[in-house]
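Trainee: Starting off with a structure, shown below.
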Amino acid sequence: MTNANEICRMDATSLSAAIRDKALSPVEVVDATLERMDALDSTLHAFCTPTPELARESAERVEKAIVAGESVGPLAGVPYGCKDLICTAGVKTVSGSAAYANFVPDEDDVVVERLRDADAIMLGKTNVPEFGYSGAGHNSVFETTRNPWNIERTAGGSSVGSGAAVASGMGPIALGSDGGGSIRIPAAFSGLVGVKASMGRVPLYPGVKDERYPGVSSWEALEHIGPIARTVADAALVLSVIAGPDDRDTRTMPVEAGFDWMESLKGDLKGLKVAYTLDWGGYAAVDPEVQRVVTDAVKVFETDLGCSVEQADPGWDNPYDGFWGMVIGQSDLTGMRRMAEELGDQMTPHLKEVIETDWTAEQLTDAVMMRKHVSNKMWRFMRNYDLLLTPTLAVPAFEVGIQGPTMTDGREVDHFEWLHFTYPMNLTGQPAASVPAGFTDDGLPVGLQIAGPHLGDAIVLRAAACFEAARPWADHWPPLLNEMGL
């Protein structure tokens, strides 16, 4: 008989199969996961709004359907965490902001609908920094989320609670959203897989919505919703459920003939041409331990996977300032400034600072031109390569309570410059995944980013699956769990 700890260490693909075979029941799985949440979440604070009663009701419904021999969805009985920027009808969506402390949406996000139709079971909402405007995981409303690998460190952001939940076995999968790295950041800091599919693969609707501040956090031109998981197969399984066109998001694209998320995992990488960069040609300061771990991971593509690997980069100008202009240019600046005035000290200081800045029309239009510059450099570059490998992040997980280090590899940096490798992929819209590359000397996970060409989702997932097979990571768990007998 499978015990609760064994259940919590199972991946979603295995759980789904065991539930379908009636070796495990959905109620048994949910009870085990809720027990794990009771044991851990007072330390990690991954969930800001847990929904145990709703989860048990859903598990009972799915179990009755299975017992009755009815058809069930591909994620039947599998528990998941839902990022608190993603709308859930009847369940609070606070978005890490005091302005939304009691906000309850009247409709589900498209991806929540699709997971429910697939019979997945939501455990609750996972913590975020205010409106997702940070790569670190603290806000003024809820307790700060901690990294299971070291509770004095951040688990990243903005999908911080989703990363901490999956890394500690509080559900095998979780939803994140990614406007500048927010799926890949917590994946890298927590030793997980995070996939940002191509722009348009996964629909976005409705986003943050409130009559008082309509469109206040509107990142549609940059944002992607996607999975955080322990394995590449689990990430592909979630994408097979949530991806596909929807008339509520006019940017979504039809599925190409023959494209299949699970089938994309099959095959090898022999003969592929792979580029890698550790610093984007010099402007990105990168921690030496990250450089070491990622360099070792890159070698696997040549020595184990049969790729032709060379160091190269697209050669664009540093887009850091322009990225922030893109973020602000999409937001309801009028509404956000009114909110900042109303909230005062309750608003996150760096967010208040950026929205109260006197942005000029030239800065915002320069940001659009910068995006075109990066995109044009990238498509030309990717015509010569099948894959591009980089560190996911420039640093390992840093201490909680800050937005980022101001010194990296002996160089002074802005406190968000550790994100130099993630946000360009939001500017271009190309697919990118973070996978575990290894560990620092003091046991912190380091992520490898695998990026593909425009619409190259299949090759990104195949590359991630091949790297996982060559350097498996799913059995690596934070020492905290062993210390707590979990």
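Trainee: Arranged from highest to lowest average of other beta-carbon atoms within 10 Å per residue, in what order do the peptides 403-412, 11-20, 425-434 appear?
Mentor: In descending order of packing, they fall as 425-434, 11-20, 403-412.
Trainee: Less than 13 Å Cβ to Cβ from ALA17, Lys/Arg counted +1 and Asp/Glu -1: what total charge do the surrounding residues give?
Mentor: Residues close to ALA17 contribute a combined charge of -1.
Trainee: Read through the labelled values [x] 92, 80, 52; [y] 63, 54, 44; [z] 61, 58, 47 and report the label of the one computed as Cα extents along the principal axes in Å from the structure.
Mentor: The value matching this structure is [z].
Trainee: Looking at segment 258-309 from every direction and averaging, what is the projected area of its Cα convex hull in nm²?
Mentor: 5.1
Trainee: Are there any GluC sites (Glu not before Pro) in segment 219-264 that are in a DSSP loop and have at most 11 other Cβ atoms within 10 Å? List them by number.
Mentor: Listed in order of number, the matching sites are GLU256.
Trainee: Leaving out same-chain residues fewer than 8 places away, which aspartates and glutamates sit with a Cα under 12 Å from that of LYS352?
Mentor: Filter leaves GLU130, GLU341, GLU342.
Trainee: Then there's this: For every helix of n ≥ 4 consecutive DSSP H residues, a contribution of -39,500 (n - 2.57) applies; sum these over the chain, divide by its total residues, and give [θ] at 222 nm rounded to the nearest 500 deg cm²/dmol.
Mentor: The helix-only estimate for the chain comes to -11000 deg cm²/dmol at 222 nm.
Trainee: A further question on this structure: Using DSSP to define loop residues, name the chymotrypsin sites (Phe, Trp or Tyr not before Pro) in segment 310-367 whose beta-carbon has at most 16 other beta-carbon atoms within 10 Å.
Mentor: Sparse-neighbourhood loop chymotrypsin sites (Phe, Trp or Tyr not before Pro): TRP359.
Trainee: State, in angstrom, two size descriptors of segment 103-146 derived from its alpha carbons: Rg to one decimal place and Dmax to the nearest whole number.
Mentor: Final numbers for Rg and Dmax: 13.2, 34 Å.
Trainee: Taking segment 117-214, which GluC sites (Glu not before Pro) meet the DSSP loop condition and have no more than 11 other C-beta atoms within 10 Å?
Mentor: GLU152, GLU211
Trainee: When you count, for each residue, the other Cβ atoms within 10 Å and take the mean per peptide, how do 244-253, 56-65 rank with the highest first?
Mentor: 56-65, 244-253
Trainee: Just for the chain, what percent of DSSP beta bridges are antiparallel, to the closest 5?
Mentor: Just about 65 percent of them are antiparallel.
Trainee: Quick check: residue separation of SER42 and SER140 times 0.36 nm, minus the Cα distance between them. What number comes out in nm?
Mentor: 33.6 nm
Trainee: Another question, then. Within a Cβ distance under 9 Å of VAL72, other residues only, what is the Lys/Arg minus Asp/Glu net charge?
Mentor: Taking every other residue near VAL72 into account, the sum is -1.
Trainee: Excluding SER308 itself, calculate the net charge of residues whose Cβ lies under 14 Å from the Cβ of SER308, where each Lys or Arg counts +1 and each Asp or Glu counts -1.
Mentor: Overall, the nearby charge balance is -2.
Read-outs: derived from the displayed coordinates by stated rules, not from any lab. It should be emphasised that the depicted structure is a prediction, and the values quoted were computed from it without experimental measurement. A quick note on method: Cβ atoms are made from the backbone with ideal geometry, for glycine too, and the neighbour counts reach across all protein chains shown.
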